Each structure stands twice: as structure tokens, then as C-alpha cells.
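K.L.:
The following block contains the structure, expressed as C-alpha cells.
Each reported figure results from applying straightforward, stated rules to the coordinates on display, with no laboratory input. As the structure is a computational prediction, the values presented were derived from the model and not from experiment. No Cβ is skipped: glycine too gets one built from the backbone with ideal geometry, and neighbour counts run over all protein chains shown.
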Amino acid sequence: MPLPIRIAPSILAADFSKLGQEVRDVVEAGADWVHLDVMDGHFVPNISFGPDVIKALRPHTTAFFDCHLMIAPADPYLEAFARAGCDSITVHAEAGPHLHRSLQTIRALGKKVGVTLNPAAPLSVLENVLDDVDLILIMSVNPGFGGQKFIPAMIEKIRAAKAMIGERPIELQVDGGITVETIGAAAAAGANVFVAGSAIYKGNGLDDYRTAVTALRGAAETARA
Ligand code: DX5
Ligand code: ZN
């Protein structure tokens, strides 16, 4: 059985002045996961939010909190993100010299373990940690900002990652430039979790979010069938 298609709106594109409502609305609109983009102004050239904001959002929903750490170093902060209520924590392979230790730490904190790669990084970096992760995230833009264009070469990378995963029950996620135009190719290549920021939050409230989530899911299901 293939893993289910999951739509994971990134609140990076939400209205930060009313984040609680933005999270509740997107979950009511049909989102499966809530994607939390944490940026430090060092690993990536932008600053977003940290564990205290996630902690404040936690009571607003029981939905899965999918935390994408774009910070270096990550290790000193893993416990804080676990305590804040993240369900999965994804670290960049490029963010530190001891990736395996970071993954072990997340596992020991009782959270789903994710690893991600920048577009330029080769998949081979992951060969030795395949049995230590629950999720592989293929970045389809250079991390740091929402609203960028999907990098077409990442389709082949998703296909190769899917082959590398084989029968392991690892979620294959794609993040950056996901729209109704790009999601199909990513799904056909083997991705099952789709992060979308601007494609969802460009709308204005619950009804628009529901339309966007439904359209994305439909395009992914159609392409996979
Ligand atoms: C990029 C972030 C993405 C981003 C996606 O650094 O990791 O999650 O917010 O935004 P869109 O869907 O607008 O490309
Ligand atoms: Zn992200």
C-alpha cells in the first residue's frame, strides 16, 4: 500500500498577525499536516519563528505539526522544538557535521525523524541514514523564502529518492513552488507529502483554503493514479 497523499500547508505564507486562526482554518479546509518553517537568518537568509510560536499554536489543533528546521546548528534546539509540540522534526543534512547524531536525538525525543537536502545536494548523503528516518524532504526551491519557482530538475531527484527508499515506509515530501501545475509531476515521481505555502495562503480565509487544498489533492491523486 502506498503512503497516503498528504497536503501540508506552510504557515510561512499565512497572516502572522492571526496565526492561530490561520492554522485552524487550514486544518478545517482539509489539510493533513501543518508545515512549520523555522529560519534562523544564518543557515538561510531569512528569519521566521521559533519554538515559542509553535508552542502557542499547539492548543489550536490536534493536527500533525511537521517542523522543518532551517537552522544551524540544529542540535542545541531539538529538545525545545520537541517540547513545543512538534510531531516530526526535519533537519538539513547540510546543517551540521553529525547528521546521524541529530537524527538519533530526534528519535530519542519521541518524534518522527525527518531529513532534508538543499536542491544542489546529492541524494547519496542519505544512503547511510535510510533506516534512521521516517521522512525524506526533497527541497524543490532554495530554502529561505516562500513564493519561489519549482526547480524542474528536482523531479528526477524525487524519482531517485523513491527508488532509494524502496519498500521502507518513509514519507517522501517535496517543498517549494508546489502549485496545481507542479504537484502532479512530483506525485507521479513518487512524492506523497506536499508542502504548499503561497498556493494555499494566497487565498482569503477558509473557503479559499478549502478550494486550494482540494485542488492540490485532486491533482496529486490524479497524477498518481
Ligand atoms: C522554503 C520553505 C517552504 C516554503 C514553501 O524555505 O521551506 O516551506 O514556505 O512556500 P511556497 O509553497 O510558497 O513555495
Ligand atoms: Zn519547509
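K.L.:
Tally the DSSP beta bridges in the chain and give the antiparallel ones as a percent, rounded to 5.
P.N.:
5
K.L.:
In segment 162-185, whose amide N lies under 13 Å from the spot 7 Å out along Cα-to-Cβ of Leu130? List them in ranges.
P.N.:
Flagged as within label range: 162-170.
K.L.:
Please tell me the relative contact order of the chain in percent, rounded to the nearest whole number, where contacts are Cα pairs under 8 Å and at least six residues apart.
P.N.:
Worked out over the chain, it gives 22 percent.
K.L.:
How charged is the neighbourhood of Ala121? Take every other residue with its Cβ under 10 Å from the Cβ of Ala121, and add Lys/Arg as +1 and Asp/Glu as -1.
P.N.:
Numbers: positive: Lys157; negative: Glu94.
Here the charged neighbours net out to 0.
K.L.:
Per 0.36 nm of contour for each residue apart, how much would the distance between Gln104 and Asp52 grow if the chain were fully extended, relative to their Cα-Cα spacing?
P.N.:
Numbers: separation 52, 0.36 × 52 = 18.72 nm, distance 2.34 nm.
My answer for the length gained is 16.4 nm.
K.L.:
Return, ordered by residue number, the residues of segment 180-224 whose backbone nitrogen is under 17 Å from a label point located 7 Å along Cα→Cβ of Glu28.
P.N.:
In segment 180-224, the label zone of Glu28 (backbone N under 17 Å from the point 7 Å along Cα→Cβ) covers 201, 203-214.
K.L.:
Mind checking the dipole of segment 73-225: about its Cα centre, +1 per Lys or Arg Cβ, -1 per Asp or Glu Cβ, Debye to the nearest 20?
P.N.:
Details: 14 positive and 16 negative charges, 27 e Å.
Once rounded to the nearest 20, the dipole reads 120 debye.
K.L.:
Considering only Glu167, Glu28, Glu94, give the residue with the highest GNM mean-square fluctuation for the chain, with springs between Cα atoms whenever their separation is below 10 Å.
P.N.:
Answer for the Gaussian network model of the chain: Glu167.
K.L.:
Listed here are the pairs Lys18/Lys162; Lys112/Lys162; Lys162/Lys202; Lys55/Lys149; which of them are more than 28 Å apart at the Cα?
P.N.:
Result: Lys18/Lys162; Lys162/Lys202; Lys55/Lys149 exceed 28 Å.
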